[in-house]
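Notes follow once the structure below has been shown.
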Amino acid sequence: MDILKLARKNIRELTPYCCARRESEGETGILMDANENAFGSPGGEGLNRYPDPLQRSLKESIAGYRETRPERVFLGNGSDEVIDLLIRAFCEPGEEEIMIMPPTYGMYRACADINAVGTVKIPLTPSFRIDRERVRGGITGKTKLIFICSPNNPTGNSFDPGVIESIIRSFRGLVVVDEAYIDLSPAQGFTGWLEEYENLVVLQTFSKAWGLAGIRLGMAFAAESLIRILNRIKPPYNVNAATQEAARQAILNHPVKDTMVERIVRERSWLRQKLEGLPAVIRVYPSETNFLLVRFRHTSAVFRYLLCRGIRVRNQSRQVHCDGCLRITVGTRRENELLVRALKDYGGSP
Ligand SMILES: *Cc1c(COP(=O)(O)O)cnc(C)c1O
């Protein structure tokens, strides 16, 4: 498969903007090329210089940690930027489409809408599995990207790898597997499949298990040819210096992440068990993420009641197959206890 051929014509033919630091060998020599402040900054050491536009040092760390090569890594200002860049690179506005499988993460459709790209929705089955036949039937000549979120937000489950593989094998466009929650799941994930499938893109993020939602850093792992396309169209300095440094530190301290993951997983099962015993709760869905999808009786009343008690959860009632469901992020033990206490006070037997 020729990935470049999948890209939009104007993207294939584009002359990328050449920022000052891209051409030079990093920060050697006397830096009079980028109109920076040569005297420093009141905001922090080293921050007066533009960051490495290709984040080479950070990509080395990430590639080492994920056992891949830096050339296979693309970094964005959150996964959200990567989702947008993928749609912009591969889908012709007003003509081409992405496919999603609701209920799922809202940014795929939002980014498609902003880019005037169509969205074909093939809902999951009521038990939150991929409907393989309908996916097959929904693919047209206009379909360029298929987004599969696994483990899925907001349902919390991951999908059968065999089904995902069969979609990657049979589809002539790109399959984007969003693994935002992979560190919280026993599932293997798809980065190991990149050598085999050139049309596979795996998204991961520092926002969840790594605890770094504030620095905005998302990753794409894919074929080198695809990474090169994204590099051509990204804003030159899309990942700032403070973010690059914080992420490098986080990877050096990766055992801390593993310890936090263990705690989240432990709290997840504690919270699940407590919620299952409450009269207001109809069902707690299994989760391989840091949240629980919970079906309630009188959901909007529960939602408003929790808000009054200062507890913010996400109402998912309007998503397909999620009527009556709230999405609750796993908190610390104290936060989880306060939630359970509030729901006990609410009562709400049928
Ligand atoms: C939270 C989340 C992300 C993370 O997005 P960032 O922009 O990296 O913070 C990506 N995908 C899904 C499905 C998510 O739930």
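Since every read-out is calculated from the coordinates, none of them should be taken as a lab result. Predicted model only: the values in this text are computed from it and were never measured. Backbone-built Cβ (ideal geometry, glycine too); neighbour counts: all protein chains shown.
So, in segment 262-293, how many residues would count as being more than 20 Å from GLY78 (Cα to Cα) and either in a helix (DSSP H, G or I) or among the aromatic types (Phe, Trp, Tyr) (or both)? Residues that pass the stated criteria total 16. Scanning segment 204-235 for residues that are within 11 Å of the ligand (Cβ to nearest atom) and either part of a helix (DSSP H, G or I) or farther than 16 Å from VAL256 by Cα (or both) turns up GLN204, THR205, ALA213, GLY214, ILE215, ARG216, LEU217, GLY218, MET219, ALA220. Going by what's in this entry, would ARG49 be described as of a type outside the set (Gly, Ala, Ser) and touching a residue at least 60 places away in the same chain (Cβ under 8 Å)? For ARG49, the condition - of a type outside the set (Gly, Ala, Ser) and touching a residue at least 60 places away in the same chain (Cβ under 8 Å) - is met. Within the bounds of segment 177-191, is there any residue that is without any contact (Cβ under 8 Å) to a residue 60 or more places away in the chain and away from the ligand (no atom under 16 Å from the Cβ)? For segment 177-191, residues without any contact (Cβ under 8 Å) to a residue 60 or more places away in the chain and away from the ligand (no atom under 16 Å from the Cβ): present. Out of curiosity, is GLU288 acidic (Asp, Glu) and under 18 Å from LEU124 (Cβ atoms)? Considered against the rule, which asks whether it is acidic (Asp, Glu) and under 18 Å from LEU124 (Cβ atoms), GLU288 comes out as yes.
In the set ARG172, ARG129, which member is surrounded by fewer than 22 Cβ atoms within 10 Å (Cβ to Cβ) and in contact with a strand residue (DSSP E or B) (Cβ under 9 Å, 6 or more places away or on another chain)? Only one candidate qualifies: ARG172.
The conditions of being away from the ligand (no atom under 14 Å from the Cβ), touching a Ser or Thr at 6+ places or on another chain (Cβ under 8 Å), in contact (Cβ under 8 Å) with a residue 40 or more places away in the chain and not basic (Lys, Arg) are not met by GLU92. Looking only at segment 28-43, decide whether some residue is of a type in the set (Asp, Glu) and either touching an Asp or Glu at 6+ places or on another chain (Cβ under 8 Å) or surrounded by fewer than 12 Cβ atoms within 10 Å (Cβ to Cβ) (or both). Checked segment 28-43: no residue is of a type in the set (Asp, Glu) and either touching an Asp or Glu at 6+ places or on another chain (Cβ under 8 Å) or surrounded by fewer than 12 Cβ atoms within 10 Å (Cβ to Cβ) (or both).
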